[in-house]
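The values are calculated or read from the model by the stated rules, or taken from the named source; none is laboratory data. Computed from a predicted structure; not experimentally measured. Cβ: placed from backbone, ideal geometry, glycine included. Neighbour counts: every protein chain shown.
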Ligand SMILES: Cc1ncc(COP(=O)(O)O)c(C=O)c1O
């Protein structure tokens with residue numbers, strides 16, 4: 001029986017209780033947001049070291065900023081707390097978004113918290129089950145449109161323009177203000193901006209927000225440096241890389257299955273102003289990175305969230321050296337959403353829904369047989 005010495009606890013101060021990103025970074029938000037805070041205590045997500053990746057990349061110091069621990073399981077909560085807080089301050093009664101899944105889950109939860117109606121347009125059959133369940137569970141009215149994300153967004157633009165409904169997609173500037181907090185947290189933890197920041201790019205709101213966050217922290221005198229922003233799109237949905245809108249985007253990473261990013265120009269500015277890059281990764285590369293994240297680093301993500309790691313592995317040590325990235329450089333990769341949202345890809349070794357699925361090994365309830373299978 002273990003005995004604990006409870007006396008040792010007596011002098012320990014209460015840990016700081018995290019209040020959510022708006023309260024924590026209050027001086028960096030306008031009063032239109034701070035006056036009516038709607039929060040689920042989002043943010044404060046872990047920065048997890050990934051030494052095996054660092055070694056593969058030629059001796060880099062690599063960290064995963066794991067956004068799956070946010071209240072609805074993705075980075076969207078950072079932008080949704082600020083968008084819904086601003087809407088609450090204006091007395092908004094209804095919000096709407098187009099979504100590949102995570103925005104709808106987050107909008108539904110925060111709108112419910114604020115007592116607002118939430119309408120969601122999703123591309124029919126193209127969003128992961130976990131995300132759809134969340135939006136429905138939180139009481140949103142979810143409508144599946146025959147079309148892709150870009151078609152949904154166009155209709156939401158028109159509806160929110162014509163009726164008193166607040167748009168809560170990432171073109172809403174209040175979303176970007178909240179999502180900047182990911183960059184604030186990285187600098188708070190590392191003491192300085194990393195050399196490189198990598199992340200997946202879909203509608204391009206998040207790369208816009210991180211870049212803004214790093215610049216705002218530098219302007220406030222909290223950090224001295226800026227990172228180079230490396231964004232990665234899925235090869236079947238890579239309009240920024242190809243320099244042309246993709247009419248029928250296709251990828252297993254449904255969260256970034258976007259052919260006409262709303263923040264296209266801002267993403268290019270983040271890339272160019274930071275001396276960064278935006279490249280594409282195939283579904284096979286995404287799935288391989290997904291496996292490395294779960295089996296080597298211990299972080300379970302949805303496919304889109306593996307795009308940053310996939311992109312870095314595609315560049316490899318040689319590619320990074322060619323870009324002038326020195327060994328020992330700090331690289332932070334945002335893994336945007338939790339694996340439980342779209343878990344089935346963990347069971348497949350190829351990026352196809354027809355590929356064989358890994359099954360649990362069937363055994364008798366017999367210790368000898370179990371030990372034999374374990375090789376013990
Ligand atoms: C898990 C995940 N990763 C990445 C993205 C892409 O983010 P953005 O659209 O801001 O580029 C999304 C957007 O839906 C997402 O849900």
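For this structure, a couple of remarks:
- Test result for residue 251, in contact (Cβ under 8 Å) with a residue 12 or more places away in the chain and more than 15 Å from the ligand (Cβ to nearest atom): no
- Residue match in the range 211-221 (condition: within 10 Å of the ligand (Cβ to nearest atom), outside any loop (DSSP other than H, G, I, E, B), modelled with pLDDT of 95 or more and crowded, with 24+ Cβ neighbours inside 10 Å): no
- Test: residue 337 is within 15 Å of the ligand (Cβ to nearest atom), crowded, with 24+ Cβ neighbours inside 10 Å, at pLDDT 95 or above and closer than 23 Å to residue 215 by Cβ: no
- The range 66-96: number of residues that are in contact (Cβ under 8 Å) with a residue 40 or more places away in the chain, more than 10 Å from the ligand (Cβ to nearest atom), within 19 Å of the chain's Cα centre (by Cα) and crowded, with 24+ Cβ neighbours inside 10 Å: 8
- Of the set (1) at pLDDT below 95; (2) in contact with a strand residue (DSSP E or B) (Cβ under 9 Å, 6 or more places away or on another chain); (3) surrounded by 13 or more Cβ atoms within 10 Å (Cβ to Cβ), all apply to residue 331 but (1).
- One residue from 206, 225 being within 12 Å of the ligand (Cβ to nearest atom) and either surrounded by fewer than 20 Cβ atoms within 10 Å (Cβ to Cβ) or modelled with pLDDT of 95 or more (or both): 206
- All of 187, 201, 171 fail the test of being surrounded by fewer than 22 Cβ atoms within 10 Å (Cβ to Cβ), within 16 Å of the ligand (Cβ to nearest atom), within 18 Å of the chain's Cα centre (by Cα) and touching a residue at least 12 places away in the same chain (Cβ under 8 Å), apart from 171.
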